[in-house]
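The values are calculated or read from the model by the stated rules, or taken from the named source; none is laboratory data. Just so you know, these numbers come straight off a predicted model, no measurement behind them. Note that each Cβ is placed from the backbone with ideal geometry, even for glycine, and that neighbours are counted across all protein chains shown.
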Amino acid sequence: GKNLTSIEPATPLNDMLNIPGSGLICLTNDSPKIFVYYIPTLGNAPKWCTFLDNITEELEEKPADTG
């Protein structure tokens with residue numbers, strides 16, 4: 001496979017959970033915060049957060065401003 005993203009948190013990661021059938025990934029480390037990322041290539045957003053698909057579509061429609 002190919003790399004889809006690169007995530008470099010300040011503290012080491014303990015575990016990763018991919019929500020089956022969706023593009024959501026949850027990462028845990030030694031902080032109380034759980035890091036949640038959405039990667040559209042892995043799947044659609046779950047029904048309870050369809051706004052992520054809408055945001056992704058809007059970003060795809062806008063041309064990138066590379067300066």
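Can you run down the residue pairs with Cβ atoms below 6 Å, 6 or more apart or on separate chains, where the first is in the stretch 47-62 and closer than 12 Å to residue 23 by Cα and the partner is at pLDDT 75 or above and small (Gly, Ala, Ser)?
52/45; 53/45
Where residues in the stretch 23-38 are of a type in the set (A, V, I, L, M, F, W, C) and exposed (fewer than 14 other Cβ atoms within 10 Å of the Cβ), which of them is farthest from residue 5 (Cα to Cα)? Show your work before the answer.
Taking the stretch 23-38 first, the residues of a type in the set (A, V, I, L, M, F, W, C) are 24-27, 34-36.
Checking the rest, the ones that are also exposed (fewer than 14 other Cβ atoms within 10 Å of the Cβ) come to 26, 34, 36.
Values: 26: 14, 34: 18, 36: 13 Å.
By that ranking, first place goes to 34.
Output the residues belonging to the stretch 4-20 that are without any contact (Cβ under 8 Å) to a residue 24 or more places away in the chain and not charged (D, E, K, R).
6, 10, 11, 12, 13, 14, 16, 17, 20
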